[in-house]
1. Label residue B:258 and residue B:334 with points 7 Å out from Cα along Cα→Cβ: what is the distance between them in nm?
2. In nanometres, what is the gap between the two model label sites at residue A:248 and residue A:15, each 7 Å from Cα along Cα-to-Cβ?
3. Mind listing the long-range amide H neighbours of residue B:165? Cut-off is under 5 Å, sequence gap 5 or more, other chains count too, H placed in the peptide plane at 1.01 Å from N.
4. Using a label point 7 Å beyond Cα on the Cα-Cβ vector, give me the inter-copy distances for residue B:10 in nanometres, one decimal, shortest first.
5. Rounded to whole Hz and in sequence order, give me ³J(HN,Hα) for region B:270-281 from the Karplus expression 6.51 cos²θ - 1.76 cosθ + 1.60, θ = phi - 60°, writing x for Gly and Pro.
6. Take peptide B:335-343, look around each residue's Cβ out to 10 angstrom, count Cβ atoms belonging to other protein chains, and average those counts.
7. Quick one: 3J(HN,Hα) in Hz for region B:318-327, Karplus 6.51/-1.76/1.60 with θ = phi - 60°, rounded, Gly and Pro as x.
8. Put a label point 7 Å from Cα along the Cβ direction on residue A:268, then list its distances to the equivalent points in the other copies in nm, shortest first.
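The values are calculated or read from the model by the stated rules, or taken from the named source; none is laboratory data. Every value quoted in this text rests on a predicted model; they were computed, and no experiment measured them. Heads up, the Cβs are rebuilt from the backbone with ideal geometry, glycines too, and the neighbour counts pull from every protein chain shown. Heavy atoms of the whole protein, side chains included, go into the accessibility calculation; ligands, DNA and RNA do not. Shrake-Rupley method; radii C 1.70, N 1.55, O 1.52, S 1.80 Å.
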There are 2 protein chains.
Amino acid sequence: MGSGLVDRVLAGDVRAGARLMRDLDDRLPSAEVALRALWPRTGRALVVGLTGSPGAGKSSLTDRLIGHHRRAGRTVGVIAVDPTSPFSGGAILGDRIRMQDHATDPGVFIRSLGTRGHLGGLSRSTADLVAVMDAMGKDVILVETVGVGQDEIEIASLAHTVVVVAVPGMGDDVQAIKAGVMEIADLFAVNKADREGAERTVRDLQGMLELRRIVQPSGRDPHHGHAGLAEVAAAEAGAFADAPSEAWEPPIVRTVALSGQGVEALAEAIDAHGAHLAASGEKARRDVARARSAFVAILRERLLASALARLELELGRLDHVAERIAARTADPYQLAEELAARVRGTP
Amino acid sequence: MGSGLVDRVLAGDVRAGARLMRDLDDRLPSAEVALRALWPRTGRALVVGLTGSPGAGKSSLTDRLIGHHRRAGRTVGVIAVDPTSPFSGGAILGDRIRMQDHATDPGVFIRSLGTRGHLGGLSRSTADLVAVMDAMGKDVILVETVGVGQDEIEIASLAHTVVVVAVPGMGDDVQAIKAGVMEIADLFAVNKADREGAERTVRDLQGMLELRRIVQPSGRDPHHGHAGLAEVAAAEAGAFADAPSEAWEPPIVRTVALSGQGVEALAEAIDAHGAHLAASGEKARRDVARARSAFVAILRERLLASALARLELELGRLDHVAERIAARTADPYQLAEELAARVRGTP
């Protein structure tokens, strides 16, 4: 039964894939057994992340990119982590929702990931969905994620290629792009490029790229590098560290997703980046970074589960512990240290 | 020296507070010792979270709220987790940046938290800053956070009162608000309410609140509830669970932060929510949820640090482990399980 599911996923069976994803969402132990069996058969897919502010048109671009890959004969998986994406079912107002054209195409598999209930575990969950689609044989996996805050930067530990989608007419957007994202972007799409202000947005991005070249002439690539074991934060982040980077200048592509204008150029730029990754050896480095990030996320969850079980034995229910902390009769640092020491087996 | 720092923080010394925050950022062991010493003296401050899309005007509203509290004789701490906030220094374009009026007021203490390097630990870091400001004696702590994705929902595990800031003229915004955020909002501010479309935004929000009342007549409060120990995800989230909630209908307040219009009404609504929290016993429940969330975050980090140190002894450097996983000669699930078992001391 379990192995039957694994075989069916490997055969690309849509129902089996959907079933496994549901089981993962329900945290069934059998789902993890299945993921373990699938692991050796993953690592083939090219993972492309699209990130940007709500309203930037990430979903429309994703839709266009699906069409591009399908015409090239590639199968496509889509994961929408964006609560505003029509793919994720998050949009309820109905006035500007483009339903997915590809829902009935067996070469396209679309799944969404709610942010609700996945706090602290969103990247783990996304990585699991990527692994399932990879095992199903999807050639390309597009991950659409909202572009401000943590989720956006986590995409760098999941994707081979990160596309940052900007739009003109919102000065704030380029500001929002500034923090952290300049460092994860492999390409920029200036979408809605027929709007007033598009050239200014392009110029702003060019200026920021220029600034980056001046500030960091050796390049700084958040996708790889190595983490000292003490550097927990770096490990959690999938190891953002300095490392010499091959010469890749993030191109800026003007697109109008609604009409399709510029989408071929964007797709070609994504392909060019894929070729660059392969030729420079950067793909292998990013694959190691992805593996590290996946491992650390799994380890963290496993350890916390063990510790919380132990907590119940040692200290009582988590709620009671929290009440003592809230009443200031216990401090959370000492309790965490004590519990971690007991889990380690040292007194 | 260490205890001197603690005493100075408790006396509200700005330099000592800033120093401790820097030490926390650098993860100095002495900083955690200081936090432990401060813990019994925290729990006094009212923590108010402001969340919303980039460009919604959260920083301007924060600025106005600082003024309101100062006039009422309250000291204020501000934490900007928003990369686009002028408080966080994240905005570099300069064309629409209002510098903080309160930089020279000793009753106001402003700090920002970069999202960079804090992946997976952002809420832990924010909670630490809140604790320091609380220990410094700030009466009110305003936490400004970008409003889409995980960070936004994490604010619910940190704040007593969550203000969701919406703006007219971006249909997407109300869609963005939809997912998850309706459940964490204690108040809505419709900012830039002098703009066209403000009434529609208000009506949309009213409609969504109406819908929530129909769908969840008993109310659903993400701030409290209890987590079974097996429910790691819920524990990580600070336990979002169903629980009967006192009758609090999130008010919708129209504001124009630039002119100050409506800001007094917003401040009064925030105060009314604070009074409601106290009168209903909800404040104590939220304090327990905050304590639980802080404890679980600290525990998770501690355990991971121990395990990564163990990993080096057992398996070699994390990079080498990641290489084996990427080469598919090892699977991350099994390695994580083995390591967790060894950390637990079971074979």
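1. Placing both labels 7 Å beyond Cα along the Cβ direction yields 6.2 nm.
2. It is 4.0 nm.
3. B:51, B:52, B:189
4. Copy-to-copy label distances for residue B:10: 6.4 nm.
5. Ordered by residue, 3J(HN,Hα) equals 5, 4, 4, 5, x, 5, 4, 4, 5, 5, 8, x Hz.
6. Mean inter-chain Cβ contacts per residue within 10 Å come to 5.
7. Each residue of region B:318-327 in turn: 3, 4, 5, 4, 5, 5, 5, 5, 5, 7 Hz.
8. Counterpart label points of residue A:268 in the remaining copies fall at 6.2 nm.
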